[in-house]
Amino acid sequence: MDEDVLTTLKILIIGESGVGKSSLLLRFTDDTFDPELAATIGVDFKVKTISVDGNKAKLAIWDTAGQERFRTLTPSYYRGAQGVILVYDVTRRDTFVKLDNWLNELETYCTRNDIVKMLVGNKIDKENRDVDRNEGLKFARKHSMLFIEASAKTCDGVQCAFEELVEKIIQTPGLWESESQNRGVKLSSKEEGYGGGGACGGYCSML
Amino acid sequence: MAAEEKWKSLASKQHSGAGEAGGKEPGVLLSQQLAEPGRFAYAALCGISLAWLFPEEEQSSFRMGFIEGFVKWLDLPDAVLPAMTAFANGLGGEGTETFAQLLLQDPILKENPVVITQDLLSFSLRDGHYDARARVLICHITWLLRIPLEELEVLEESLLESLKEQKEEESETAEAARKKKERRKKLKRYLLIGLATVGGGTVIGLTGGLAAPLVAAGAATVIGSAGAAALGSTAGIAVMASLFGAAGAGLTGYKMKKRVGAIEEFEFLPLTEGKQLHITIAITGWLCPGKYGSFTAPWSSMLQSSEQYCLAWESKYLMELGNALDTLLNGFVNMMAQEALKFTVLSGIVTALTWPTSLLTVANVIDNPWGVCLHRSAEVGKHLAHILLSRQQGKRPVTLIGFSLGARVIYFCLQEMAQEKDFQGIIEDVVLLGAPVEGDPKYWKPIAKVVSGRIINGYCRGDWLLGFVYRTSSAQINVAGLQPVDLEDRRMVNMDLSSVVNGHLDYMKQMDTILKAVGIKTKEEKGSGSFSSPPARQSQQAAGSGTQKEEGTEQEEDEDVAASDALSASAHCPDSPSPVLGGTKEQTAGEGAS
């Protein structure tokens with residue numbers, strides 16, 4: 001498709017119901033916000049091409065449903081994902097506490113262990129904060145995740161969250177170049193090795 | 001009647017499965033029973049399968065159309081469309097197993113997974129058009145869900161029965177209106193086809209196009225209300241007429257009015273009595289005096305579908321060829337010479353220009369009739385293509401089987417179809433046995449897109465006669481009937497028949513064995529076809545052939561076994577045979593009468 005796209009990356013968004021996963025995605029892809037957004041059914045899918053360090057990457061983003069009744073479907077999306085965005089609601093401690101469960105699930109179903117993880121604390125525009133920024137940071141560090149606080153409503157940190165994640169994935173060539181060559185279902189026919197890549201493990205995060 | 005009951009009982013079974021009250025009301029759409037996650041998984045499974053089966057760019061409109069219609073059919077919100085589109089475009093294929101497992105764990109399916117087959121069939125037939133691709137998809141889904149494929153055959157048959165009955169009840173006014181339209185259409189068709197026209201005494205019925213308005217009126221009924229049962233209503237008539245092409249006359253009604261091009265003879269002979277939602281056309285390669293003097297002779301044991309035809313073409317020339325072949329192998333050339341010939345041809349040392357003179361006498365006998373038939377088979381193939389494209393057979397999937405020059409007819413038919421538009425979704429499977437055509441994959445690539453299911457190339461490395469006659473006819477060294485075709489496509493299945501076929505003539509004499517080897521259903525055979533290839537279709541070969549021939553007692557035993565599955569069905573109408581097993585048409589009719 002696009003000639004100059006370096007690679008296509010599969011990104012997954014997970015987290016409890018109502019933390020704003022779909023809102024984050026909508027803000028990122030369409031730059032809109034809908035306070036009345038309906039609950040996701042099954043999974044939503046969006047594609048967006050972004051440019052990080054001069055490398056264009058096409059993101060195939062799977063936005064999973066947080067509702068319990070769709071939980072059984074989630075395992076099917078983990079496979080082959082290069083990056084995952086784990087979202088919690090800073091105004092709801094329970095969504096933060098449940099993160100451990102999500103990490104467990106990730107571990108169980110994910111096909112690779114070097115998947116890049118990004119923790120996003122959403123809804124920082126709200127007054128009634130329940131989870132401190134430092135808590136989130138500590139949790140992210142403990143599980144070697146990237147971390148950012150964001151608000152889909154005010155657009156704070158949304159772009160940054162996705163860019164950081166992609167940057168980190170691109171800096172880990174083993175994560176995506178082999179994948180693009182021997183995947184059963186090709187995301188794009190134009191995928192060629194890795195041209196940019198750059199230094200391995202140049203880990204610079206928002207920490 | 002019994003069949004209709006059967007269909008209804010199946011519907012009511014799924015109904016009772018949902019645990020809803022009012023068992024009398026037949027047919028509740030699966031979408032109303034499955035929970036949302038189940039429906040999502042179901043649609044996703046279809047999307048992923050579509051992407052796997054028809055990844056080609058030119059199929060994208062079919063994939064999208066199908067999945068969009070299906071989301072509506074299942075009553076899923078439009079919000080899932082992006083994800084479904086992604087699935088149908090080949091993304092997220094990793095989830096197939098999870099979706100299948102999830103679907104199977106659903107209480108409704110756990111009890112009776114066949115409802116999925118039924119639902120998909122209803123969906124595929126909703127606008128009176130049975131696309132070959134839809135059928136291939138159903139086969140694939142049923143395989144993924146480990147549902148035996150004969151269930152599909154049984155469902156198709158019982159649906160057909162219930163449609164038939166409805167058709168008889170067609171009101172007089174509707175019939176009058178229909179006939180009026182037909183007359184107009186008939187005139188138009190004379191102009192459209194040009195090649196040949198439809199005649200043959202039988203009333204010429206609805207074509208697919210004509211049925212469309214009727215269908216449009218009925219479609220809402222079908223989709224809105226209980227799908228399966230609704231198909232057997234007013235809409236059903238239109239659906240039925242559309243499916244079967246020129247009502248009832250179908251292919252047998254087709255006769256050439258005048259000579260078309262170089263073709264002197266072209267006619268469809270029925271091989272079986274029945275009607276089916278998918279048909280098979282067999283094409284004979286040559287005729288020889290005696291036992292194999294008719295076109296139908298080699299196919300006597302075939303039972304791929306209960307509606308089968310045999311193409312009769314150019315018997316004069318095929319008989320000449322048969323005579324030449326006969327002379328060649330029984331008398332004219334003695335055993336020694338035959339061995340020498342075989343050795344020479346197979347060793348491949350001697351090129352076409354330096355054949356020994358002793359062999360050239362052989363060539364004199366065979367080359368002329370062979371050359372004539374070679375040319376005519378191509379013409380016949382092209383003509384067949386236009387008949388299939390004009391849907392004389394109705395809007396339902398067609399399977400083509402042919403050996404020797406018959407396979408060549410198929411090859412040219414597919415090639416011709418590939419050059420026209422609207423060729424998709426007509427041909428389900430093709431089987432070419434000992435085909436005297438190019439074996440170079442580049443020639444096969446375009447024809448692959450015409451076929452929805454499989455392309456089976458049955459070849460024999462030791463077929464010296466084919467090697468010999470083909471030597472001068474054209475310069476190609478690759479002959480499909482002698483070696484596998486290296487086409488990288490999920491459809492392409494090469495089968496080495498060397499263990500079954502000793503020489504070219506065996507294609508006619510050993511057809512029964514070959515059909516079994518290739519995995520085509522035959523009358524006697526109950527067991528499995530051993531060579532079956534792609535996983536999607538494997539169960540098909542193991543399936544169903546038996547159901548047609550089973551004796552009453554045997555069937556009753558089987559019914560008992562299946563009774564546990566079909567409890568509610570037999571409770572609903574104790575007289576009808578279990579829908580899980582079904583019966584022959586005769587049985588069904590008999591029971592209906594009793």
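Working only within the stretch B:39-69, note down all residues that are within 12 Å of another protein chain (Cβ to nearest Cβ) and outside any helix (DSSP H, G or I).
The answer is B:P55, and nothing else.
Tally up the residues in the stretch B:278-301 that are assigned to a loop (DSSP other than H, G, I, E, B) and buried (at least 16 other Cβ atoms within 10 Å of the Cβ), please.
Final tally of qualifying residues: 9.
Considering each of B:R391, B:R461 in turn, give the residue that is in contact with a strand residue (DSSP E or B) (Cβ under 8 Å, 6 or more places away or on another chain) and either charged (D, E, K, R) or on the phi > 0 side of the Ramachandran plot (or both).
B:R461
Any chance you could count how many residues in the stretch A:97-149 are of a type in the set (D, E), under 16 Å from the mean Cα position of the chain (by Cα) and in a loop (DSSP other than H, G, I, E, B)?
The total comes to 1.
Counting only residues that are modelled with pLDDT of 90 or more, within 13 Å of chain B (Cβ to nearest Cβ), buried (at least 23 other Cβ atoms within 10 Å of the Cβ) and more than 13 Å from A:F162 (Cα to Cα), how many does the stretch A:17-42 have?
Residues flagged as modelled with pLDDT of 90 or more, within 13 Å of chain B (Cβ to nearest Cβ), buried (at least 23 other Cβ atoms within 10 Å of the Cβ) and more than 13 Å from A:F162 (Cα to Cα) within the stretch A:17-42 amount to 1.
Tell me which of these B:V362 doesn't satisfy, since it passes every other one: (1) touching a Gly at 6+ places or on another chain (Cβ under 6 Å); (2) at pLDDT below 85.
Here B:V362 clears every test but (1).
I need the full set of residues from the stretch A:74-102 which are within 10 Å of chain B (Cβ to nearest Cβ) and touching a strand residue (DSSP E or B) at 6+ places or on another chain (Cβ under 7 Å), in order please.
A:T74, A:Y77, A:Y78, A:G80, A:A81
Regarding B:M64, is this residue surrounded by fewer than 18 Cβ atoms within 10 Å (Cβ to Cβ), in contact (Cβ under 8 Å) with a residue 24 or more places away in the chain and under 21 Å from A:F45 (Cα atoms)?
So B:M64 fits the description; yes.
Please tell me if A:R71 is within 13 Å of chain B (Cβ to nearest Cβ), without any contact (Cβ under 8 Å) to a residue 12 or more places away in the chain and surrounded by fewer than 19 Cβ atoms within 10 Å (Cβ to Cβ).
yes
With the stretch A:1-76 as the region, which strands (runs of 3 or more DSSP E) entirely inside it contain at least 2 residues that are among the small types (G, A, S)?
Strands (runs of 3 or more DSSP E) meeting the threshold: A:55-64.
The values are calculated or read from the model by the stated rules, or taken from the named source; none is laboratory data. What you are looking at is a predicted structure, and each value in this text was computed from that prediction instead of being measured. Quick reminder, even Gly has a Cβ in these numbers, built from the backbone with ideal geometry, and neighbours come from all protein chains shown.
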